[in-house]
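The values are calculated or read from the model by the stated rules, or taken from the named source; none is laboratory data. None of the values given here were measured: they were computed from a predicted structure. Here the Cβ positions follow ideal geometry from the backbone for every residue, glycine too, while neighbour counts run over all protein chains shown.
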Amino acid sequence: MEKLYAIAQQFTQGAVTAVEAYGAGNVNDTYLVTLAAPSAPIGGRRFILQRVNTHVFPQPALILLNMRVFLTHMEERLAQNSAAPGGWRMPRVITTAQDTDYYMDDAGAFWRAISLIEGAKTYPSIRDAAHAREAGYALGRFHSLLSDLDPVRLHDTLPGFHITPGYLDKYDQVLAHAQEVGQRAHGARTSDVAYSLRFVEARRAFATVLEDATARGELPPRSIHGDPKVDNILIDDQSGQAISIIDLDTVKPGLVHYDIGDCLRSCCNPAGEETLDLSQVIFDTNLCRAILQGYLPEVARFFTEADYHYLYASIRLISFELGLRFFTDYLAGDVYFKVRYPEHNLQRALVQFRLVESVEAQETAIEQIIAEQR
Ligand code: GN1
Ligand code: MG
């Protein structure tokens, strides 16, 4: 704990009075820092301190370089566009006393600080259709603010992220290490593993759907968020409106379909990613309608026919992809996502696979909603 205080102190002239674990991230370690009094360069009394997982992000300095680029771009767009409704806000990068964007501790860990947006919070699941509309609006607003930022100006902070065929290759490599897989596959949950293996096999051909469309020139690379799940969408306490999307490590070049697919798979499963009760997992099409009601008007200006065409596939694909990522990590011995119990990644995979089944069973209804909302 003392070490954490000393690290937090690198980012402020104020006296650090508390450092508490914060949020529920699966990758980085996040802390909320409190100061004795409002101090430079924070402005207020609280800020966010994070240890970036350098196993996942091999070049964490690129995250901060990107933040400088896209946050400046968004500020400029917001200033030009002051008539737009809703007080949209983005966090700031907080520098150290040496004026660097990050701090490396004695053990070589990578730390950075960002401002806390006060008066707003994130939620672990969607509460109602109004919340869902706000989540969709937030992602649409984010995409719209970045729509004229040339993605080549952003570094790739996480190569291979959301390239589903790449995750399938990784899965095949892990499966090839039959011995370790065998150990896990014959553990307590043999039938769940067998089901998951069959589940992935049955959808192998589908994994390339978005990358094939990109290769044919149908979907352009854009600047994307990368992780717009429900608990990264910030809702204003007073107005109930979305005012930001946080967790900006994976803002990088990609397809907006990764984002809208991820937002829908996260927001339309009211049971949440962490549920133990698979019978509760469904894709709620009413929430899907509300999210698209919030999202599509924001992006209509630059969305093409192909963009609409691949929306349904993106929902199915990103749910499948996350299930595949969790399952692969389970088989590999939990090397990527943080786990709280031995079968955690397997359970998370089963939740996403259930969600895929629910999406597939409602394909016609989802396509109808997309057609009616555009
Ligand atoms: C990870 O760490 P967190 O919770 O922000 C993951 C996302 C997944 C998400 C699932 C860099 O995000 O891709 O969708 O877990 N982030 C990374 O909860 O892999
Ligand atoms: Mg994240």
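The residues on offer are A290, A271, and the sole one that is more than 12 Å from ligand 1 (Cβ to nearest atom) and in a loop (DSSP other than H, G, I, E, B) is A271. Is there a residue in region 311-325 that is farther than 20 Å from E357 by Cα, touching a Lys or Arg at 6+ places or on another chain (Cβ under 7 Å), small (G, A, S) and in contact (Cβ under 8 Å) with a residue 40 or more places away in the chain? No, region 311-325 has no match at all.
Assessment of region 337-346 against the conditions (out of contact with any strand residue (DSSP E or B) (no Cβ under 9 Å at 6 or more places or on another chain), of a type in the set (V, I, T) and in contact (Cβ under 8 Å) with a residue 12 or more places away in the chain) yields no matching residue. State whether the residues of region 231-243 include one that is in a helix (DSSP H, G or I), within 13 Å of ligand 1 (Cβ to nearest atom) and either in contact with a Pro (Cβ under 9 Å, 6 or more places away or on another chain) or closer than 30 Å to V52 by Cβ (or both). Scanning region 231-243 turns up at least one residue that is in a helix (DSSP H, G or I), within 13 Å of ligand 1 (Cβ to nearest atom) and either in contact with a Pro (Cβ under 9 Å, 6 or more places away or on another chain) or closer than 30 Å to V52 by Cβ (or both).
Just the residues that are aliphatic (A, V, I, L, M) and either assigned to a helix (DSSP H, G or I) or away from ligand 2 (no atom under 16 Å from the Cβ) (or both), please, taken from region 244-268. Give the derivation first.
Within region 244-268, the subset aliphatic (A, V, I, L, M) is 245-246, 248, 251, 255-256, 260, 264.
The answer is L255, V256, I260, L264.
Could you tell me whether any residue of region 301-315 is out of contact with any His (no Cβ under 6 Å at 6 or more places or on another chain), among the basic types (K, R) and assigned to a helix (DSSP H, G or I)? The answer is no, given that none of the residues of region 301-315 is out of contact with any His (no Cβ under 6 Å at 6 or more places or on another chain), among the basic types (K, R) and assigned to a helix (DSSP H, G or I). Residues that are within 16 Å of ligand 1 (Cβ to nearest atom) and touching a Leu at 6+ places or on another chain (Cβ under 7 Å): does region 61-69 have at least one? Among the residues of region 61-69, at least one is within 16 Å of ligand 1 (Cβ to nearest atom) and touching a Leu at 6+ places or on another chain (Cβ under 7 Å), which makes the answer yes.
Considering only residues that are assigned to a strand (DSSP E or B) and among the β-branched types (V, I, T), which ones fall in region 4-27? Walk me through how you get there before you give the answer.
First pass over region 4-27, keeping only residues assigned to a strand (DSSP E or B): 16-21.
Result: V16, T17, V19.
Tally time: how many residues in region 221-237 are acidic (D, E) and under 10 Å from the mean Cα position of the chain (by Cα)? Please lay out each step first, then the result.
Applying the first criterion (acidic (D, E)) to region 221-237 yields 227, 231, 236-237.
Among the residues that remain, those that are also under 10 Å from the mean Cα position of the chain (by Cα) are: 227, 231.
Going through region 221-237 one residue at a time, the tally reaches 2.
Of all residues in region 13-47, those satisfying the criterion of being within 16 Å of ligand 2 (Cβ to nearest atom) and either of a type in the set (K, R) or under 20 Å from L158 (Cβ atoms) (or both) are G23, A24, G25, N26, V27, N28, D29, T30. Among residues of region 28-42 being of a type in the set (S, T, Y) and outside any loop (DSSP other than H, G, I, E, B), the one that is nearest to ligand 1 (Cβ to nearest atom) is T30.
Looking only at residues of region 282-335 that are polar (S, T, N, Q) and under 20 Å from the mean Cα position of the chain (by Cα), we find that the one that is surrounded by the fewest Cβ atoms within 10 Å (Cβ to Cβ) is T328.
Would you check if N66 is assigned to a helix (DSSP H, G or I), within 15 Å of ligand 2 (Cβ to nearest atom) and either buried (at least 17 other Cβ atoms within 10 Å of the Cβ) or not small (G, A, S) (or both)? If you could, list the steps in order and put the result at the bottom.
Values: assigned to a helix (DSSP H, G or I): yes; within 15 Å of ligand 2 (Cβ to nearest atom): yes; either buried (at least 17 other Cβ atoms within 10 Å of the Cβ) or not small (G, A, S) (or both): yes.
It is true that N66 is assigned to a helix (DSSP H, G or I), within 15 Å of ligand 2 (Cβ to nearest atom) and either buried (at least 17 other Cβ atoms within 10 Å of the Cβ) or not small (G, A, S) (or both).
Of the residues R77, R112, R51, the single one that is under 26 Å from D231 (Cβ atoms), under 25 Å from the mean Cα position of the chain (by Cα) and at pLDDT below 95 is R77.
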